[in-house]
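Heads up: the structure comes next, in structure tokens.
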């Protein structure tokens with residue numbers, strides 16, 4: 001969404017009524033790096049929800065070319081042998097994303113108690129979600145009740161994948177048919193420690209049958225992260241499969257730059273920095289009943 005007013009108030013046509021009782025606490029827009037995320041509270045789920053937007057669709061082709069050749073190029077802090085993708089790591093750790101998310105989670109816990117956290121994202125947003133979930137679990141003692149991404153690329157090597165699985169356990173990576181992005185950066189089975197590797201658990205969506213007799217299958221893959229009978233069994237060559245999950249188009253409604261649209265009265269919620277990045281924050285206690293912490297135990 002480029003219209004921050006509709007997204008911040010959860011009144012956009014693509015989100016309204018989809019999750020009743022959900023309200024955004026903080027909307028983070030890093031205009032400088034074309035990144036966006038929101039943090040909110042879902043009353044019915046009794047959880048804080050953190051969602052990272054995926055790659056702008058007009059840059060996907062260039063991004064694919066870059067990912068195909070990208071090598072592991074950053075030592076993950078305080079974890080010998082673990083290496084990760086510098087760009088994905090920096091997109092979360094070295095932008096307005098991390099401080100914005102941590103501030104919102106802190107405020108949400110002050111308002112609602114120590115409720116669980118759900119982290120999600122599509123495409124590059126899934127990569128950022130990975131580093132966010134691990135950061136919250138390891139450095140802030142957060143209880144990640146669900147981590148789920150869609151069309152996520154690989155983010156690190158086998159050592160990192162193992163470390164991630166140890167600390168973020170309730171994990172699902174949804175992949176779709178021939179989606180190209182989960183195949184990137186490339187995985188080389190004969191260099192397992194020196195190449196990128198997915199963490200488990202993958203759920204592969206694919207169709208079987210022909211014509212009008214087509215059935216949609218959701219296959220829960222093995223615990224390796226690189227199940228050869230799931231998405232790795234097909235050629236990852238489709239951008240359209242990347243932008244469609246569960247029948248929902250995950251592209252922006254309009255193409256454009258990273259500029260945003262917002263009504264003047266929304267500026268009262270906004271904090272900006274010299275680079276033009278925006279954080280919209282609000283206290284939702286007036287519109288959401290405070291969750292009973294006794295019923296919010298997971």
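No other residue among 152, 169, 193 is under 28 Å from residue 45 (Cβ atoms) and out of contact with any strand residue (DSSP E or B) (no Cβ under 6 Å at 6 or more places or on another chain) apart from 169. Scanning the stretch 172-198 for residues that are within 23 Å of the chain's Cα centre (by Cα), in contact (Cβ under 8 Å) with a residue 60 or more places away in the chain and under 24 Å from residue 86 (Cβ atoms) returns 179, 180, 181, 184, 185, 186, 195, 196.
Per-residue answers, yes or no, for (1) in contact (Cβ under 8 Å) with a residue 60 or more places away in the chain; (2) part of a strand (DSSP E or B); (3) buried (at least 22 other Cβ atoms within 10 Å of the Cβ):
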{"position": "10", "(1), (2), (3)": "no, no, no"}
{"position": "17", "(1), (2), (3)": "no, no, no"}
{"position": "25", "(1), (2), (3)": "yes, yes, yes"}
{"position": "60", "(1), (2), (3)": "yes, no, no"}
{"position": "68", "(1), (2), (3)": "yes, no, no"}
{"position": "71", "(1), (2), (3)": "yes, no, no"}
{"position": "87", "(1), (2), (3)": "no, no, no"}
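Tell me, yes or no, whether the stretch 155-168 has at least one residue that is part of a strand (DSSP E or B) and at pLDDT 95 or above. Within the stretch 155-168, one or more residues are part of a strand (DSSP E or B) and at pLDDT 95 or above. Quick one: would you say residue 196 is buried (at least 18 other Cβ atoms within 10 Å of the Cβ), modelled with pLDDT under 95 and closer than 19 Å to residue 126 by Cβ? In short, no.
Only one of the listed residues (131, 147, 164) is buried (at least 20 other Cβ atoms within 10 Å of the Cβ), closer than 24 Å to residue 102 by Cα and in contact with a strand residue (DSSP E or B) (Cβ under 6 Å, 6 or more places away or on another chain). That residue is 147.
The values are calculated or read from the model by the stated rules, or taken from the named source; none is laboratory data. Keep in mind that what you see is a predicted model, and the values were worked out from it rather than measured. Reconstructed Cβ throughout: ideal geometry from the backbone, glycine too, with neighbour counts over all protein chains shown.
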